[in-house]
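Presented below is the structure to which this report refers.
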Amino acid sequence: QVQLVESGGGLVQAGGSLRLACAASRRISTINAMGWYRGEQHELVAAIMGDGRTSYADSVKDRFTISRDSTGNTWYLEMNSLKPEDTAVYYCNGLEVAATGGPWGQGTQVTVSS
């Protein structure tokens, strides 16, 4: 199975920005819907569909942007205007895999200070 490794998290002050990356061990077809999730409950915060459409949770809409590079091996989550409420471990995963409960990677910690 493809392995996904998240990176790019860190400590940032409120209002700051971070770019998370999700690196896949092999190319993932663009027909696969991919998403970024956060927290123990794996809240879906952003998704990109096979046709390129994106969607966002209301809590992050207009602040976060999901994208995928041309290689099909890396996904990004650009996070701007970060808030303390955004503090969480962030995970990437296929939407179908996530819907079945996993597996999940280690994620990357994002901490936003007040």
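The values are calculated or read from the model by the stated rules, or taken from the named source; none is laboratory data. Quick caveat, the model's predicted, so the values are computed rather than measured. Backbone-built Cβ (ideal geometry, glycine too); neighbour counts: all protein chains shown. Calculation scope for accessible area: heavy atoms of the full protein, side chains included, ligands and nucleic acids excluded. Shrake-Rupley method; radii C 1.70, N 1.55, O 1.52, S 1.80 Å.
Could you calculate the FRET efficiency of residue 26 with residue 57 from 1/(1 + (r/R0)^6), where r is the beta carbon distance between them and R0 is 30 Å, rounded to 0.05?
0.60
Out of 107, 23, 65, whose Cα points farthest toward the positive end of the dipole of the chain (charges: +1 Lys, Arg; -1 Asp, Glu; placed on Cβ)?
After comparing all options, I get 23.
Identify which of the listed values of semi-axes √(5λ) of the Cα gyration tensor in Å was calculated from the structure shown: [x] 22, 14, 13; [y] 25, 14, 12; [z] 24, 14, 12.
[x]
Under 5 Å between amide H atoms, partner at least 5 residues away or on a different chain: which partners does residue 83 have, H built in plane at 1.01 Å?
Result for residue 83 returns 15.
Using only DSSP helix segments of four residues or longer, with each worth -39500 (n - 2.57), what per-residue ellipticity at 222 nm results for the chain after dividing by its residue count and rounding to 500?
Roughly -1000 deg cm²/dmol at 222 nm, from the helical runs in the chain.
Given contacts defined as C-alpha pairs under 8 Å and at least six residues apart, what's the relative contact order of the chain, whole-number percent?
36
Considering only protein heavy atoms, what per residue accessible area in square angstrom results for the chain with a 1.4 angstrom probe?
54
Need one number: % antiparallel among DSSP beta bridges in the chain, to the nearest 5.
90
Modelled label-to-label distance, residue 104 and residue 65, 7 Å Cα→beta-carbon offset: nm?
2.8
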